[in-house]
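None of the figures in this text is laboratory data; all of them are computed from the coordinates on show. Quick caveat: nothing in here was measured; it's all calculated off a predicted structure. Note: ideal-geometry Cβ built from the backbone for every residue, glycine included; neighbour counts use all protein chains shown.
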Amino acid sequence: MAQHHHAADDLNSPPIGSPLMGDPADILMGLRNVDVGVVAISATCAVSFVNDAFLSAVSAAETDPDAVLGRHYPEVFKACSLPAEARPPACDVPAVAAETSQMRADIAWSPNPAGGWIGIVGNARGQSQGDAPQFEADELTGLGNRKYLKTCFEQMVREDQGERDGVVALFLDLDHFKQVNDTLGHAVGDGLLRKVAERLKRAIRREDVVARVGGDEFAILLADNPLSCAEDIAARIIKMVSRPFLIDGHQLTIGVSIGLAARLPEERDPEKLLQRADIALYESKRSGRNQFSWFKDEMFAELERRRDIEMDLRKALLLQQFEIVFQPQVDFQEHRVTGFEALIRWNHPDMGQILPSDFIGIAEDTGLIIDIGAWVLAEACKAASAWPEDIAVAVNVSSMQFEDSGFVNAVSTALATSGLAPQRLELEITETTLLKKEEVVLQRMNDLRSLGIRISLDDFGIGYSSLNYLRKYPFDKVKIDQSFVREPFADDNAHQIVEAVAQLGAAFGMNVLAEGVETLEQLARIRANGCASIQGFLIGRPIKPTEIGSFLTAPLPTMDQDQPPCAKEGDQG
């Protein structure tokens, strides 16, 4: 189905016959890629602007807009209507198109403040005014808005008589768009959205409909045998959006996640179709982003589970359902405990104890991680204040926490309230935090270090981790991810990386700790690669605060003979 427009409603145009507002050249350039046909002619009928949609609407023999510029309008568009003011002496063509003309669309004319006239294509010939959905534009991008998308869906449903295979919806969300807005400002973000809109229009077919339905969310409706082409279009969109953008001198690279859903028989509510596509979109994001996923019925169950957890998370802090456990960290060269990592547990009244891997992601998505993280920080500092003065406490910090404007104050308050010496607090951040704007990250790290605390890089080696991070950022410790320690991933390449990190850390005065050590064989490899500290079930599982004292007074597990791990693999966090 073609995306039809009414001229007076497109891009908030003024009524036909009223003067256009703003710079005419800028207005025309903004209309180059819209789907409504537009042409501009001078007082002598020379074509000064025309877009692809106009050439298509009037079935012009010429398909290249640039090839038409400067030519006499009546010669190019034979017998196409002109404004009354442009007929003799300027142009010698009839006022009404002849039956033999190439005209298949009505043209409404408006005076151009710069001189001449602007023509906008109205309804296609033979189609009544009521048949075409009234175009309603998104002000920023010029795409249709959500209301227009709904109208188009309703028409697609009316037109589908079983000869095609229904309607498919694509729901799109830009990956890392918030980072662009936060670091470069909303003006750059708006420019990026406009460029994305242009690429989306080029990626779809003429009969498809694309709309902006939210901040960085877009939706596309495919009809006319959509199942045969939906995946090709989704793949093409991902490829086109992934190419770099140049916005106000900034080269930006983002991605796009897409969810797809097919209309069900007798379904007449577009919101339900879009909801299923949105659920599939979440699966694309959860699976790594910059990909597409089809909706499946089992996704509803996962969505309901997440919603239940979100609702319960909001109660958990008030009802004091969280607790902190602590896992020991050991310097095996000195054979002594150097600190404990604080790990949160959720004692759910119905589901029992829930590990952080099952709820932290939801807490980050909803913003609840700010309050939860502040509670963990305060409780960890309070517990550690009762330990010996040479024992530190490490606390994980999410990227959202780190970015929060009140984070440094939360750290300062936790230290002051607990009385913990700042040098005994270690904040662990992951590489996700480092993907933000470098100057902002460095300033926040320096603000924290000025309090006297230490900062470590957690889970090094996964994702985009780079040895360059160790040079650029002032870390006190590097924690090597457990995947470099455990079989079957601890291969020769992993050993070389561990050795390189250990050597570089030592050169920069950083301690290097290996996570997830469970066996003496793993310990021997870590030791051979130059690491001095470990954390894992070989030396101890997470324990309650009341057990810290007895753990510190008991001898450490022997590290010179084989022994079974203390718990099952995979329960470290």
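Converting phi to 3J(HN,Hα) with the Karplus coefficients 6.51, -1.76 and 1.60 and the offset θ = phi - 60°, the stretch 216-227 yields 10, 10, 10, 9, 10, 10, 10, 10, 6, 6, x, 5 Hz in sequence order, with x at every glycine or proline. Shape call for the stretch 319-553 from the C-alpha gyration tensor, a ≥ b ≥ c root eigenvalues: rounded (a/c under 1.5), prolate (a/b greater than b/c) or oblate? Judged from the Cα gyration tensor, the stretch 319-553 comes out rounded (a/c under 1.5). With the simple model of a label 7 Å out from the Cα in the direction of the Cβ, M311 to L442 spans 4.8 nm. Across the stretch 278-294, rounded Karplus estimates of 3J(HN,Hα) from the backbone phi angles (6.51 cos²θ - 1.76 cosθ + 1.60, θ = phi - 60°) give 5, 5, 5, 4, 4, 4, 4, 5, 5, 8, x, 6, 6, 7, 10, 9, 7 Hz, Gly and Pro being marked x. Placing dummy labels 7 Å off each Cα toward the beta-carbon, the span from E302 to T44 is 6.5 nm.
Annotation: peptides 420-433, 540-553, ranked by per-residue average of other Cβ atoms within 10 Å with the highest first, follow the order 420-433, 540-553. Here r is the Cβ-Cβ distance between K544 and H495 and R0 is 45 Å; the resulting FRET efficiency, rounded to 0.05, is 0.80. Here the extension length gained between S228 and E62 equals 56.7 nm, from 0.36 nm per residue of separation less the Cα-Cα distance.
Converting phi to 3J(HN,Hα) with the Karplus coefficients 6.51, -1.76 and 1.60 and the offset θ = phi - 60°, the stretch 334-345 yields 8, 6, 8, 6, 9, x, 9, 8, 7, 10, 7, 10 Hz in sequence order, with x at every glycine or proline.
Under 5 Å from the amide H of G339 lie the amide H atoms of Q329, A392, each residue being 5 or more positions distant or on a separate chain, with H modelled from the backbone and absent for Pro and chain starts.
Take every pair of alpha-carbon atoms less than 8 Å apart whose residues are at least six positions apart; their mean separation over the length of the stretch 309-375 yields a relative contact order of 29 percent. Using the Cβ-Cβ distance between E521 and R449 with R0 set to 25 Å, the FRET efficiency works out to roughly 0.10. Each label point was placed 7 Å from the Cα along the Cα-to-Cβ direction; for H186 and L552 their separation is 5.1 nm.
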